[in-house]
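Report on the following structure.
Values quoted throughout were computed directly from the atomic coordinates according to the rules given, and no laboratory measurement underlies them. Note that this is a predicted model, so its numbers are computed, not measured. So basically every Cβ, Gly included, is an ideal-geometry build from the backbone, and we count neighbours across all protein chains shown.
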Amino acid sequence: MHLVRIATRKSALALWQANFVKAELEAAHPGLQVELVPMSTQGDKILDTPLAKIGGKGLFVKELETAMLEGRADIAVHSMKDVPVDFPEGLMLHTICQREDPRDAFVSTTYQQLADLPQGAVVGTSSLRRQCQIKAIRPDLQIKDLRGNVNTRLAKLDAGEFDAIILASAGLIRLGFEARIASFLEVSTSLPANGQGAVGIECRSDDLIVQQLLAPLEHKETRICVLAERAMNRKL
């Protein structure tokens, strides 16, 4: 039986997504062998510098793409919000799975929503997009960069380093932290990143067998929405 190797980052959320794809493939194709190939990316290793200053979210996919091009993996599973608009020659975005809630989440141990924060409160987020949108409506807040995986960010909040933090709600829900969400930021307040909440699967352009295996995982409505968002982002 065919073996499918999934390149994935080592974070808890990335492994959740890879295991989700693994389970979906095994359910769709009984007897198929699927294994994970976890690896660290540059984005995972550089945690003391804002993403915007070190190359952006593409830093989370390069090593996974190299593994596919070198034949060490067959597919790569990504959070669509981290996927650059363009792909290396020989690779393609083949499948987009059904989307989780795309909104940003307001997380705090003390306050219920952004409007409740007192003047000068410290808010943590790694996203320049979120920083700009929050500053536009609450210029009195201190916005500080917050890097690391979901567990690390929650631990920093609990340690009192921040009054609140902003995270993608999809990651919190998938990891079982939905109860930590104090409220959701409506899109009129914080427009989510393009593709946020969706899982994408990248593969080699000439690997027709793998592409056939991936076909049942496609969610048409999510694909239409995500590709429209990415097209708008390209134009901007």
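Summary table
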{"read-out": "Label-point separation, Lys220 to Asn151 (7 Å along Cα→Cβ), nm", "value": "4.0"}
{"read-out": "Ala115 paired with Ala228, simple spin-label distance in nm, labels 7 Å along Cα-to-beta-carbon", "value": "2.9"}
{"read-out": "Which listed pairs, of Lys22/Lys220; Lys62/Lys144; Lys22/Lys135, have C-alpha distances above 29 Å, in listed order", "value": "Lys22/Lys135"}
{"read-out": "Net lengthening on full extension, Ser188/Cys132 (0.36 nm per residue, minus Cα-Cα)", "value": "18.8 nm"}
{"read-out": "About the Cα centre, charge dipole magnitude for segment 170-236 (Lys/Arg +1, Asp/Glu -1 at Cβ), debye", "value": "160"}
{"read-out": "Selected from Glu202, Glu178, Glu65 as most flexible by GNM, with the chain as the system and alpha-carbon contacts under 10 Å", "value": "Glu178"}
{"read-out": "Which of Gln113, Ile143, Phe162, positive extreme of dipole for segment 104-185 (C-beta unit charges)", "value": "Ile143"}
{"read-out": "Max mean-square fluctuation residue, GNM over the chain, Cα-Cα springs under 10 Å, options Ala159, Ala215, Ala76", "value": "Ala159"}
{"read-out": "Estimated 222 nm signal from helices in the chain, with DSSP H stretches of n ≥ 4 weighted -39500 (n - 2.57), rounded to 500", "value": "-9500 deg cm²/dmol"}
{"read-out": "Only Lys, Arg (+1) and Asp, Glu (-1) charged, at Cβ; segment 70-119 dipole about Cα centre in debye", "value": "140"}
{"read-out": "Rounded to the nearest 20 debye, dipole of segment 104-185 from Cβ charges on Lys, Arg, Asp, Glu", "value": "280"}
{"read-out": "As computed over the chain, the Cα convex hull volume per residue (Å³)", "value": "123"}
{"read-out": "Whole-Hz couplings from phi, Karplus 6.51/-1.76/1.60, listed for segment 173-179; x for Gly and Pro", "value": "5, 5, 8, x, 9, 4, 5"}
{"read-out": "Residue order, fewest to most beta carbons within 10 Å, for Met39, Met232", "value": "Met232, Met39"}
{"read-out": "Label point distance in nm, Leu236-Leu3, each placed 7 Å from Cα along Cα→Cβ", "value": "4.3"}
{"read-out": "Furthest towards positive pole of dipole, Ala231, Ser205, Leu217, structure part segment 197-236, Cβ charges", "value": "Ala231"}
